[in-house]
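Below is one structure, written out as structure tokens; the observations come after it.
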Amino acid sequence: MKHKKIIPFSLLMIIILLPALLQADKICSFSLKNCPEDFDGKTIYVPEYVTSISPDFKVCIPVTVIENGTSTPPSIVFIIDHSNSMMGSSGYDRDGSRFLVTSSLLDTLYSKFPDAEVGLVVFYDKLYFNSDDDPMFQKLPDGFAAPQELTNQAYIPLMKLNVKQKNEMTGIEYLKHILQTKKVVSNIRRGDTTWSTDLVYQPTGYDRSGGTHINVAFDAAKEAMKASSFTKDNQYIIFISDGEAHTTTEPTPVTDYENGVSVPTTFTVYFTARADEQAPASLQRMTENIKINNYSASNPSSQLWTIQTNYETLMNLVMQNIFNPLIFSVKQKPTSLTINSKIYSTISDSTTFDIGNGLQLNDSLTHFDIAVKYSVKSDSLNIQKDTTVLVSFDVIRSNEKALSEGIALDCRDTIYYTISVQATEANAKEKDAKPGTITVNRNNTDGSVTVYFKRDGTATINDDFTITATDSVVFKDGEKSVTVIITPLDDELDEESETVNVQLLDKFGNKEIRYYINKDQSKATINIEDSYVPPPDTLTVHITPNPFSPNTSEPFSSKVRTLFNNVIKDNNSGMLVAVHATARLEPTPGKPDQYGTGYIYDAVGNLVNTLEMRKANNNPGDTVNYGFLWDCRNVNQRTVGIGTYLIKIRFKEKNGQERVFTRKMGVKE
């Protein structure tokens, strides 16, 4: 007779509770991987350790059909800036996002309109393609090239994506082949290598020089568009650049493109270093002129955007603001989200709502009624309306059921910390490399945890300072605080004090975050004091007014006008660069009235204008006054855009020693 094996009650309880015990060390929120509409009328099962819905609630852009909407394929010419400022060691798009996004957009366009037509113009101070390299390249007609001897400048003409070309490749295959990129070394400094992205195709016999020749790029795009098979209402240019035109050796004025004559609907994306920086006034004028040039009924929808670029940012902007309208003939954006009668309107990106700390789940079943409101607009049909998507589903917390498909969990350990940051030594100095210190604190010393932060400010790492942690600090078991040391580097430049900011982050890629941030102590700032001491018997520089608005009149005081009458002359306003010297300066050879030169550069290092320093009329005491007056115009007498500029002053003292001083100048609205 066989005997049954009896399991002790205590062991049985351990076996029953084991799954719960294994999960007791974490707590999770859940999010929807798919569109909310995919869960309408369904029941979602999550484990019991899931306590809330994620604070980031993502919605989808619905396919909305407006009656009488068009389905005509478009003709699109991409104009892509490939100048040094886009790909150099400090370029705005060293990762080549503009080429990668363009290649991805071809796939999207092909899926909807296989017979769409696409052309490509790549440029810097000339067109990038050399007609001698590939029979597919279309040579630019005579009269457009700059300089005139560059007669082999070329572009890729419009080609249907699904049609085989002379080289036996379809249009989309050939364009994606040309858009292939590679990594190249752009700079090696202090042993660190900086990489950039370049096209695999390299033109024969071209040198890479500076300049941004926007005129020749638009000339090529307009030539390409002449071969369009579609109506003007379905012709578009997508222009990606980071600057103004600086090339002047051409048959037409350097700013001719601003007039927007005979240009189809144009969507311009301007790359910038700062989130708050505006696009140059020249691009704003160009966009406004294209809107009203009567080329087509769709031209008024031309737009200009300013972004700090990476692949995701550029792709989202182009898809949401350009390609969705082109493909679906409507512009759609979510405007509000209602969950169980509570309304949310804060959108962290184009389709993700911020719902605060998330919504807590009930112990067993939680019912959700969701309404997503969208604004729908068709520019070509001049129709605007709103639409609402309604969704309902239940969520049940249960360890008896498997996690439902289409659900993602965001889990963190139940051991939480409250993290704060403070500047324990806020003032650093270049002199003697006096460091600043930032201390990150936590309230619980049990266990280890990694805390993430972002760093910004006016100071540049490895040029102005070094730091002991770049984006995170690690607390070891028992540690209550961790110190980050910022050590200034003496760059021997005469400049203003600079700052380093450290901001704690509650999100960092896909890293697990196991802490809360004290919102009142989430940021710390270190000031770096400049150590530059001017040599004896030299000068000081004052700029007034700074910043200056070229659109308003800010008259000089009678005292300033009296002291600098020889510099100001008949001008009523402007930005006066006043140079006060304790020893007389040496006149410029061949120019007895000039005592130095001021070179004004924009934020990316392009030379904007050159000014002569002149001696003022009256010199009080032992000081000799010199100065410049800048009216915020470039060398072509066009008003510059809003932003920060740098003036570099070069002069020679009587003893023959050359001096160079730099100052920042601001141009405002």
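So the values come out like this:
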| quantity | calculated |
| --- | --- |
| Selection count, the range 365-389, where residues are at pLDDT 80 or above and either open to solvent by 70 Å² or more (accessible area, probe 1.4 Å) or β-branched (Val, Ile, Thr) (or both) | 9 |
| Matching strands (runs of 3 or more DSSP E) fully within the range 516-613 where at least 1 residues are among the charged types (D, E, K, R) | 523-529, 607-612 |
| Complete set of residues in the range 95-126 that are of a type in the set (D, E, K, R) and touching a helix residue (DSSP H, G or I) at 6+ places or on another chain (Cβ under 6 Å) | LYS112 |
| Flag for ASN625 being buried (at least 16 other Cβ atoms within 10 Å of the Cβ) and over 30 Å from THR458 (Cα atoms) | yes |
| Pairs with Cβ under 6 Å, 6+ apart, first in the range 283-309 and in contact (Cβ under 8 Å) with a residue 40 or more places away in the chain, second open to solvent by less than 40 Å² (accessible area, probe 1.4 Å) and assigned to a helix (DSSP H, G or I) | THR309/SER97 |
| Candidate set from the range 72-114 (those that are surrounded by 22 or more Cβ atoms within 10 Å (Cβ to Cβ) and acidic (Asp, Glu)); member that is nearest to GLY171 (Cα to Cα) | ASP81 |
| Residue that is farthest from GLU173 (Cα to Cα) [pool: residues in the range 115-135 that are under 24 Å from the mean Cα position of the chain (by Cα) and not hydroxyl-bearing (Ser, Thr, Tyr)] | ASP125 |
| Selection status of THR644, among the polar types (S, T, N, Q), open to solvent by less than 50 Å² (accessible area, probe 1.4 Å), touching a residue at least 12 places away in the same chain (Cβ under 8 Å) and within 28 Å of ASN551 (Cα to Cα) | no |
| Index of the failed condition, ASN427 passing every other in (1) out of contact with any helix residue (DSSP H, G or I) (no Cβ under 8 Å at 6 or more places or on another chain); (2) open to solvent by less than 70 Å² (accessible area, probe 1.4 Å) | (2) |
| Test: ASP242 is modelled with pLDDT under 90 and open to solvent by less than 10 Å² (accessible area, probe 1.4 Å) | yes |
| Checklist (1) more than 20 Å from ASN443 (Cβ to Cβ); (2) surrounded by 14 or more Cβ atoms within 10 Å (Cβ to Cβ) applied to ASN510, failing item | (2) |
| Residue match in the range 60-81 (condition: over 30 Å from ILE214 (Cβ atoms), assigned to a loop (DSSP other than H, G, I, E, B) and at pLDDT 75 or above) | yes |
| Matching residues, the range 567-584, being open to solvent by less than 10 Å² (accessible area, probe 1.4 Å) and closer than 20 Å to GLY656 by Cβ | VAL579, ALA581 |
| Any hit, the range 470-492, residues being open to solvent by less than 50 Å² (accessible area, probe 1.4 Å), under 22 Å from ALA273 (Cα atoms), assigned to a loop (DSSP other than H, G, I, E, B) and at pLDDT 85 or above | no |
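The values are calculated or read from the model by the stated rules, or taken from the named source; none is laboratory data. A quick note: this is a predicted structure, and the numbers were derived from the prediction, not measured. Using ideal geometry, Cβ is built from the backbone for each residue, glycine included, and neighbour counts are taken over all protein chains shown. For the accessible areas, the whole protein counts, side chains as well, though only heavy atoms, and no ligand, DNA or RNA atoms are used. Shrake-Rupley method; radii C 1.70, N 1.55, O 1.52, S 1.80 Å.
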